[in-house]
Amino acid sequence: DPLLHLQQIQFVEDKQEFSRFPTKTGRRSLSRSISQSSTDSYGSDSSDDETSPRDKTQLNSKGTSDFCVKNIKQAEFGRREIEIAEQDMSALISLRKRAQGEKPLAGAKIVGCTHITAQTAVLIETLVALGAQCRWTACNIYSTQNEVAAALSEIGVAVFAWKGESEDDFWWCIDKCVNMEGWQPNMILDDGGDLTHWVYKKYPNVFKKIRGIVEESVTGVHRLYQLSKAGKLCVPAMNVNDSVTKQKFDNLYCCRESILDGLKRTTDVMFGGKQVVVCGYGEVGKGCTAALKAMGSIVYVTEIDPISLCGDGGFRLVFFSGLLGNKNVVTRDQLDRMKNGSIVCNMGHSNTEIDVASLRTPELTWERVRSQVDHVIWPDGKRVILLAEGRLLNLSCSTVPTFVLSITATTQALALIELYNAPEGRYKQDVYLLPKKMDEYVASLHLPTFDAHLTELSDEQAKYLGLNKNGPFKPNYYRYKHASKIP
């Protein structure tokens, strides 16, 4: 059969042998099969894929080389990506226009460790427009958009990141951002806590002089609270992960949309009738379960917190150590008992939730079948499909809604402005939530997108409620309801 013969040839061509995960001392970047995903720009240049960016000397058009990206020649394509993102980030652009005359971040030297995407680039360029100097690296080895990193490097932002870094590359990039002769950071913007941890451990004198830390992830916030509890947090920090706008949009709505995108791009799976176990039922879990249920999947939820489960969602519920942001949520024993063809992925920040290390043993065979997709094969022939090597699925394998990231980025920008300009004594050496007034301001900046207009309290109504007409409108103890079943 000619068609069958063609399919067999195609399968052989597409199939790539998995190259072992680089050691901490290995400097060679991952192969093209790992480093490129369906989100790469058409401007990608494959001519130098086998050369680590650390081994190349590159200059931008201004003749400077204070950066390390995959290919500076991709800057033009990255600029187009950023311009597209700006169209759906009108609130952040509005903040930029309102505040750039005052330059509230003049003198701020911000070192950042986040996902480097077109949306993050809009945030970075906003911080620069407000007066800050920025040096940036990636918080995830798979989520960097190479062309966007090139575009930022072209305008003078010192970026050290590329898609498909090894673990050694990851820490090298963080160190290059922090350890710059004649330049010392005074603000940290982190996603996951790795940058904060690195500065705290390696450069304690620098850490003591930091004026503020802004952290946006569950994992990073947990690490900050651990430092604070141990009495080792010597600078004020802002927890933006638990701001209302971030929780509602980034954690719930973003994951509700991006979970399906990531799974479809990597596996082409049909969701109808599939049995899915979601470990953790916080805002991320609620978003994922709502999306999967809407597509016809049979969804089971595991959770340890009775409040998170109580009377919400209509899913089949069991109790299990499955909070997102934890470690060893999915263990080797459970992986051994999974059915042939099971798909395993992670929607949390860290790669510790799935015990991937336990799968790197001689009796198991790893087979790379496409970008970010590995078949882990047991001796009896059973295959488990592992996505992004257990790292964050949506930003590793797909994209997330720009509007959602606009809200998070605006929150981060305001938190940096607040900490940098706060008078001495306002914030002590502790972890703080974003002030309610700022949370409301972030939301108000995004209302024009929906053509929404607020009703204003009369003087009599404001007096009756004991509120200022301009907010804040809710006390700090108020708990907003985040509905998981949204039409």
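Some observations on this one:
- Residues located in the stretch 69-103, provided they are small (G, A, S) and within 18 Å of H115 (Cα to Cα): A75, G78, A85
- Taking residues in the stretch 260-282 that are under 17 Å from I385 (Cα atoms), and partners anywhere that are small (G, A, S) and open to solvent by 50 Å² or more (accessible area, probe 1.4 Å), the pairs with Cβ atoms closer than 8 Å and at least 6 places apart or on different chains are R265/S38.
- Residue match in the stretch 102-114 (condition: without any contact (Cβ under 8 Å) to a residue 60 or more places away in the chain and closer than 24 Å to G390 by Cα): no
Conditions (1) in contact (Cβ under 8 Å) with a residue 12 or more places away in the chain; (2) among the β-branched types (V, I, T); (3) within 30 Å of M338 (Cα to Cα); (4) assigned to a helix (DSSP H, G or I), marked per residue:
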| residue | (1), (2), (3), (4) |
| --- | --- |
| L189 | yes, no, no, no |
| G192 | yes, no, yes, no |
| V221 | yes, yes, no, yes |
| C234 | yes, no, no, no |
| Y253 | yes, no, yes, yes |
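- Looking only at the stretch 371-398, and only at residues there that are open to solvent by 10 Å² or more (accessible area, probe 1.4 Å) and touching a Lys or Arg at 6+ places or on another chain (Cβ under 9 Å), the one that is nearest to Q145 (Cα to Cα): S371
- Taking the stretch 358-374 as the range and being more than 22 Å from the chain's Cα centre (by Cα), within 22 Å of N328 (Cβ to Cβ) and not β-branched (V, I, T) as the test, the residues that pass are S358, L359, R360, P362, E363, L364, W366.
- Lone qualifier among Y142, Y203 - being of a type in the set (F, W, Y), in the same structural domain as K232 (by the TED database) and closer than 26 Å to Q372 by Cβ: Y142
For every residue, the table says whether it meets (1) within 30 Å of T267 (Cβ to Cβ); (2) hydrophobic (A, V, I, L, M, F, W, C); (3) in contact with a Gly (Cβ under 9 Å, 6 or more places away or on another chain).
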residue: P401; (1), (2), (3): yes, no, no
residue: I407; (1), (2), (3): yes, yes, no
residue: R426; (1), (2), (3): no, no, no
residue: P448; (1), (2), (3): no, no, no
residue: T455; (1), (2), (3): no, no, no
residue: S458; (1), (2), (3): no, no, no
residue: K474; (1), (2), (3): no, no, no
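- You will find that of I124, I141, the residue that is under 22 Å from Q87 (Cα atoms), under 16 Å from the mean Cα position of the chain (by Cα) and open to solvent by less than 10 Å² (accessible area, probe 1.4 Å) is I124 and no other.
- Checklist (1) open to solvent by less than 50 Å² (accessible area, probe 1.4 Å); (2) under 27 Å from R223 (Cβ atoms) applied to K428, failing item: (1)
- Which listed residue, of T352, T331, T361, is in the same structural domain as L292 (by the TED database) and either under 18 Å from G282 (Cα atoms) or open to solvent by 50 Å² or more (accessible area, probe 1.4 Å) (or both): T352
The values are calculated or read from the model by the stated rules, or taken from the named source; none is laboratory data. Treat the numbers as computed from the prediction; the structure is a model and nothing was measured. In this analysis, Cβ positions are derived from the backbone assuming ideal geometry, glycine residues included, and neighbour counts consider all displayed protein chains. These accessible areas exclude ligands, DNA and RNA; they are computed on the full protein's heavy atoms, side chains included. Shrake-Rupley method; radii C 1.70, N 1.55, O 1.52, S 1.80 Å.
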